[in-house]
Amino acid sequence: MDLESIYSSYEEFRILQTRHHSQTAVIRLEQGKATGKEPQSHDGSEQIVLVLEGEFLAEIGDESSVVKKGESLVIGAGVKHKLTNHGEGTALAFTVYAPPVYPPALPRH
């Protein structure tokens with residue numbers, strides 16, 4: 001994995017790597033878009049989110065906060081959460097799941 005693969009992703013969600021104990025992905029949301037209509041949770045897996053561009057409104061459990069470029073957050077296993085692009089322009093985040101949550105990404109050609 002290289003930084004170019006993070007910044008060049010134009011999908012809203014893309015798995016980058018999957019290992020035995022962790023998984024990396026990119027979240028890219030246009031202004032006003034969210035990770036889903038309803039909060040979701042990942043039983044048995046923690047999630048770390050590092051904001052690379054823009055800002056997100058993070059709804060985690062019963063709390064909400066704005067997370068900006070250069071800031072990070074940790075979402076505990078089983079905690080309901082939702083991210084919404086709260087700023088102007090595109091918001092981009094690098095995220096790590098431990099252990100993996102999603103099926104491994106298919107190779108790109």
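Does residue 30 count as more than 15 Å from residue 85 (Cβ to Cβ), acidic (Asp, Glu) and either in contact with an Asp or Glu (Cβ under 9 Å, 6 or more places away or on another chain) or crowded, with 16+ Cβ neighbours inside 10 Å (or both)?
On the way: more than 15 Å from residue 85 (Cβ to Cβ): no; acidic (Asp, Glu): yes; either in contact with an Asp or Glu (Cβ under 9 Å, 6 or more places away or on another chain) or crowded, with 16+ Cβ neighbours inside 10 Å (or both): yes.
Taking the combined requirement at face value, the residue does not satisfy it.
In segment 75-102, the qualifying residues are those that are within 16 Å of residue 32 (Cα to Cα) and within 10 Å of the chain's Cα centre (by Cα), and the one that is surrounded by the fewest Cβ atoms within 10 Å (Cβ to Cβ) is 82.
Can you tell me which of 48, 60, 6 is modelled with pLDDT under 95 and β-branched (Val, Ile, Thr)? Give the derivation first.
On the way: 48 fails: modelled with pLDDT under 95; 60 fails: modelled with pLDDT under 95.
None of the other options fit; the residue is 6.
The single condition among (1) touching a Leu at 6+ places or on another chain (Cβ under 9 Å); (2) modelled with pLDDT of 95 or more; (3) closer than 23 Å to residue 21 by Cβ that residue 65 does not meet is (3). Figure legend. Inter-residue proximity from segment 77-102: first residues free of Cβ contacts under 8 Å to residues at least 40 places away in the same chain and within 14 Å of residue 49 (Cβ to Cβ), second residues surrounded by 19 or more Cβ atoms within 10 Å (Cβ to Cβ) and among the aromatic types (Phe, Trp, Tyr), beta-carbon distance below 8 Å, spacing 6+ or different chains. Indicated pairs: 86/56.
Screening segment 38-109 for strands (runs of 3 or more DSSP E) wholly inside it with 1 or more residues that are under 16 Å from residue 24 (Cα atoms) and of a type in the set (Gly, Ala, Ser) returns the ranges 72-75, 91-98.
The values are calculated or read from the model by the stated rules, or taken from the named source; none is laboratory data. What you are looking at is a predicted structure, and each value in this text was computed from that prediction instead of being measured. So basically every Cβ, Gly included, is an ideal-geometry build from the backbone, and we count neighbours across all protein chains shown.
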